[in-house]
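Colleague: This is the structure I have questions about; it appears just below.
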Amino acid sequence: MINIPSAEEVEANGIELGEMNKLLLVKIEDLMLYVLEQEKKLREIDELKKRMAKMENYIKKDKNN
């Protein structure tokens with residue numbers, strides 16, 4: 001992960017807990033923002049699927065008439 005030391009680096013050099021906590025909080029925030037963006041995209045996809053289903057039903061009804 002970017003800006004997060006590897007396990008080997010931590011084992012070899014140790015780590016400042018305060019600095020590591022700061023890095024992890026930044027990473028958590030980044031991941032949370034990513035999750036929220038993905039949820040937004042999923043909602044948009046669901047809305048498009050509903051619209052498509054309505055259009056398909058409309059076309060089927062139109063063909064039957």
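Each reported figure results from applying straightforward, stated rules to the coordinates on display, with no laboratory input. No experiment lies behind these values; they were computed from the predicted model shown. Every residue, glycine as well, gets a Cβ built from its backbone with ideal geometry; the counts of neighbours run over all protein chains shown.
Colleague: Got a sec? How would ASP62, ASP30 order by Cβ neighbour count within 10 Å, fewest to most? Write out the running numbers ahead of the final one.
Modeller: Details: ASP62 8, ASP30 13.
So the residues, fewest neighbours to most, are ASP62, ASP30.
Colleague: Turning to a different aspect of this structure: Which whole-Hz ³J(HN,Hα) couplings does the range 26-31 yield from phi under the Karplus relation 6.51 cos²θ - 1.76 cosθ + 1.60, θ = phi - 60°, glycine and proline marked x?
Modeller: 4, 5, 4, 4, 4, 5
Colleague: Sticking with the crude label model, points 7 Å out along Cα→Cβ, report the distance from GLU19 to ASP46 in nm, one decimal please.
Modeller: Label at GLU19, label at ASP46, 4.3 nm between them.
Colleague: Once the cut-off is 18 Å, how many percent of the Cα-Cα pairs in the chain end up in the long-distance tail?
Modeller: Numbers: 1307 of 2080 pairs.
The share of Cα pairs beyond 18 Å in the chain comes to 63 percent.
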